[in-house]
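Quick note: the coordinates plus some simple rules give every number you see, no bench work behind them. Just so we're clear, the structure is a prediction, and the values are computed from it rather than from any experiment. With ideal geometry, Cβ positions are generated from the backbone for all residues, glycine too; neighbour counts draw on all protein chains shown.
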Amino acid sequence: MDRFTVETEDRLSTVDVTAELEAAIPEGVDGVCTALAKHTTAALTVNEAESRLLGDVETFLSDLVPDSGWDHDRIDDNADSHLRAGVLGPSVSVPVADGELALGTWQSVILVECDGPRTREVVVEVAGSATGSEP
Ligand code: ZN
């Protein structure tokens with residue numbers, strides 16, 4: 001198991017973590033990479049890392065979930081963050097071919113911060129075998 005951390009700068013923001021994820025994958029392996037953001041108020045998703053689209057993702061989540069009025073706010077005041085992260089989920093699985101993520105041309109792995117700024121931890125596990133070996 002490998003891991004990396006991400007520093008986020010705003011309460012609701014996005015960070016392209018594709019390079020960090022690629023760096024955690026051993027060379028010469030075919031298989032599946034699973035990455036998990038170890039938090040209940042941050043998410044991982046696959047999408048296009050175009051700056052306006054990433055802004056749209058933030059606007060979409062903000063519009064989808066009202067900021068206040070939730071029961072959890074009485075103890076933690078961040079129910080909106082939990083609910084926004086929950087829409088996307090904490091993990092992604094991506095096939096790995098010869099040690100590289102088999103993403104589409106426009107696909108990137110994006111960490112979506114819903115309660116920042118914070119330091120976020122992502123754990124990475126690759127299940128697979130050496131490229132070219134029998135399964
Ligand atoms: Zn909470």
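A quick yes/no check of all residues on (1) within 16 Å of the ligand (Cβ to nearest atom); (2) polar (S, T, N, Q); (3) touching a residue at least 40 places away in the same chain (Cβ under 8 Å):
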| site | (1), (2), (3) |
| --- | --- |
| ARG3 | no, no, yes |
| THR18 | no, yes, yes |
| SER62 | no, yes, yes |
| HIS72 | yes, no, no |
| ASN78 | yes, yes, no |
| ARG84 | yes, no, yes |
| SER108 | no, yes, yes |
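When SER91 is evaluated against the numbered criteria (1) among the small types (Gly, Ala, Ser); (2) touching a residue at least 12 places away in the same chain (Cβ under 8 Å); (3) exposed (fewer than 14 other Cβ atoms within 10 Å of the Cβ), which criterion, by number, is the only one it fails?
Condition not satisfied by SER91: (3).
Give segment 94-119 a look and list any residue that's under 10 Å from THR41 (Cα atoms) and either among the charged types (D, E, K, R) or surrounded by fewer than 17 Cβ atoms within 10 Å (Cβ to Cβ) (or both), or say none.
Correct list: GLU113, ASP115.
Show the residue pairs meeting these rules: Cβ distance below 8 Å; 6+ apart or different chains; first residue within segment 27-43 and within 30 Å of ALA79 (Cβ to Cβ) and within 16 Å of the ligand (Cβ to nearest atom); second residue assigned to a strand (DSSP E or B) and hydroxyl-bearing (Ser, Thr, Tyr).
Every condition considered, the pairs that remain are ALA37/SER91.
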